[in-house]
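Chemist: The structure that follows is given in the form of structure tokens.
The values are calculated or read from the model by the stated rules, or taken from the named source; none is laboratory data. Just so it is clear, the structure is predicted and the values come from calculations on it, not from any experiment. As a convention, Cβ positions derive from the backbone with ideal geometry for all residues, glycine included, and neighbour counts pool all protein chains shown.
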Amino acid sequence: MIGKIVASIGQVRKQAGVSSDIIEVVAVGVPGPLDTARGVIRFAPNLGWRDVPLKRILEEQISMKVILDNDANLAALGEHIFGVGRGQENMVYVTVSTGVGGGLILGGRLYRGSSDGAGEIGHITVQPEGPLCTCGARGCLEAVSSGTAIAREARCLVERGGGQNILAQAGGNPAGISAAVVAAAAAGGDPEAGSIISLAARFLGIGVASIINLLNPGMVVLGGGVMEIGEPIWRHVRLEVEARALETSRTRAQIVPAGLGRRAGVLGAVALALALALQQK
């Protein structure tokens, strides 16, 4: 993976026609709890990485200054600077994809917490006795609402002898079942697929309501591939927020789709790099 990062940096530099000596900084978005000061990934459960000194490794290989931040933090920053969150003083970004991540803009600034651990929305517990999460806890939002969770529930259903429409949608191969396959089956009217999507969306709504009650943001931005399923997800999120979030905070919080798509994290990295470059001038 590190080799691919290095290769992509070289490719972009070549396409831009610039030499490495004029590049002031390379900003990299990475998953998991970090030590941003040292540039170390403490734990990235979906990668199986612990205590990886990525900043040092990359700087040795590309001979350029490198800064790291959480990928969801950078997506939040991207939406705040360039996307739907422009002008928002207090904004929460949630990405629902392979996992569930989040980033916090509080008082107009990216909030990282006291040890770079803020915004781990995917590890809010929403079902205490629920499925085991990659972080080692049970019932995390990521374990019940992510694309990975949706696919897992569908495969478990097939193993029990159900989910035949889902299996057919996957070409008869259980290993081919993904969140997109489940969503397609649900869109075709399959009730089992619809139930899996609805339950994942309900848990997501519970998580969003909790965020609204805790932080009282002016905007909650929802992005990631799972949100592209559309109204079946959004409907249940809104219903849970309506039922669970306090009115004073609920009526203030706009819940909107992300505007930058897959570019959010990249543009957030640009914003972070620009801010650092300007500080140094």
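Chemist: Assuming R42 fulfils every condition listed in (1) in contact (Cβ under 8 Å) with a residue 24 or more places away in the chain; (2) in a strand (DSSP E or B) apart from one, which condition is it?
Modeler: (1)
Chemist: Also, quick follow-up: Got at least one residue in the stretch 38-55 being at pLDDT below 95, closer than 16 Å to G265 by Cα and buried (at least 17 other Cβ atoms within 10 Å of the Cβ)?
Modeler: No, the stretch 38-55 contains no residue that is at pLDDT below 95, closer than 16 Å to G265 by Cα and buried (at least 17 other Cβ atoms within 10 Å of the Cβ).
Chemist: If you don't mind, there's one more thing I want to ask. Give the residues of the stretch 178-198 that are surrounded by fewer than 18 Cβ atoms within 10 Å (Cβ to Cβ) and within 12 Å of A151 (Cβ to Cβ), sorted by residue number.
Modeler: A180
Chemist: Can you pull out every residue in the stretch 141-189 that is within 25 Å of P31 (Cα to Cα), touching a residue at least 24 places away in the same chain (Cβ under 8 Å) and not polar (S, T, N, Q)?
Modeler: Once the filter is applied, which keeps residues that are within 25 Å of P31 (Cα to Cα), touching a residue at least 24 places away in the same chain (Cβ under 8 Å) and not polar (S, T, N, Q), the stretch 141-189 yields L141, E142, V144, G147, A149, I150, A151, E153, I177, A179, A180.
Chemist: Let me ask something else about it. From the set of residues in the stretch 216-234 that are out of contact with any Ser or Thr (no Cβ under 8 Å at 6 or more places or on another chain) and part of a helix (DSSP H, G or I), which is nearest to E247 (Cα to Cα)?
Modeler: W234
Chemist: Go through (1) of a type in the set (G, A, S); (2) in contact with a Leu (Cβ under 8 Å, 6 or more places away or on another chain); (3) free of Cβ contacts under 8 Å to residues at least 40 places away in the same chain; (4) within 21 Å of R86 (Cα to Cα) for A269 and report which single condition fails.
Modeler: (3) is the only condition that A269 fails.
Chemist: I've got another one for you. Quick test for you: out of R13, R86, pick the one residue that is basic (K, R) and over 20 Å from L278 (Cβ atoms).
Modeler: R13
Chemist: Given G107, G117, which one is surrounded by fewer than 19 Cβ atoms within 10 Å (Cβ to Cβ) and modelled with pLDDT of 90 or more?
Modeler: Exactly one residue qualifies, and that residue is G107.
Chemist: Can you confirm whether A168 is buried (at least 24 other Cβ atoms within 10 Å of the Cβ) and under 20 Å from I229 (Cβ atoms)?
Modeler: In short, no.
Chemist: Which of the strands (runs of 3 or more DSSP E) contained wholly in the stretch 63-165 include at least 2 residues that are closer than 21 Å to R38 by Cα and within 15 Å of the chain's Cα centre (by Cα)?
Modeler: 66-70
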